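Trainee: One structure, pasted below without further comment.
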Amino acid sequence: MAARRSRRWFWSFYFALRGLFRVWRGERNMRVHAAAASLVSWAAWAAELEPVQWGILVVLIALVMVGEMLNTVVEAVVDLQVEEYHPTAEVAKDAMAGGVLLTAMAALGVGYLFFGSILADLPRLFYLRAVEDPFITAVFAVVTSFFLAAALVAVLNTDQGGTGYVE
């Protein structure tokens with residue numbers, strides 16, 4: 001019985017990770033959100049935010065990305081059910097996309113509250129933190145470079161039509 005539960009546990013994680021990778025591969029905006037999250041995380045590290053502020057940022061980043069994933073779900077389900085244009089299908093897709101936009105704008109507003117007063121000083125703070133902790137700086141640089149490159153490729157790739165989801 002325990003072996004069967006552990007196998008179910010494994011497969012649950014497998015399917016969840018597969019879903020994450022499919023959305024990452026198929027949705028340009030997910031890669032753009034990841035690049036933004038990486039930059040915001042770097043700014044939070046440089047600004048030495050308090051743990052509560054870090055928690056708020058992590059929750060907001062997760063909300064935006066979950067919203068993007070739910071948007072993908074809504075689009076896929078609507079596309080499965082509707083073969084021709086239908087105004088209700090358009091409402092469903094537009095409403096979900098609007099929800100993601102609203103969440104991203106709320107996150108942007110919180111980012112402004114956290115970083116607005118020190119925005120001009122961030123380059124100096126980055127430098128000071130880099131000198132203080134070069135290893136963490138290198139890790140952030142590698143991760144951020146990856147996400148920025150993925151976002152750039154996603155934005156410049158014009159071959160994707162619709163949601164860009166390819167099976």
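Trainee: Count, please, the residues in region 93-137 that happen to be without any contact (Cβ under 8 Å) to a residue 40 or more places away in the chain and farther than 14 Å from Ala43 by Cα.
Mentor: 16
Trainee: Which of the residues that make up region 51-108 are surrounded by 14 or more Cβ atoms within 10 Å (Cβ to Cβ) and not in a helix (DSSP H, G or I)?
Mentor: Selection gives Val82 alone.
FYI, it's all coordinate maths here, none of it is from the lab. It should be emphasised that the depicted structure is a prediction, and the values quoted were computed from it without experimental measurement. Counting neighbours? That spans all protein chains shown, and the Cβs are built from the backbone with ideal geometry, glycine included.
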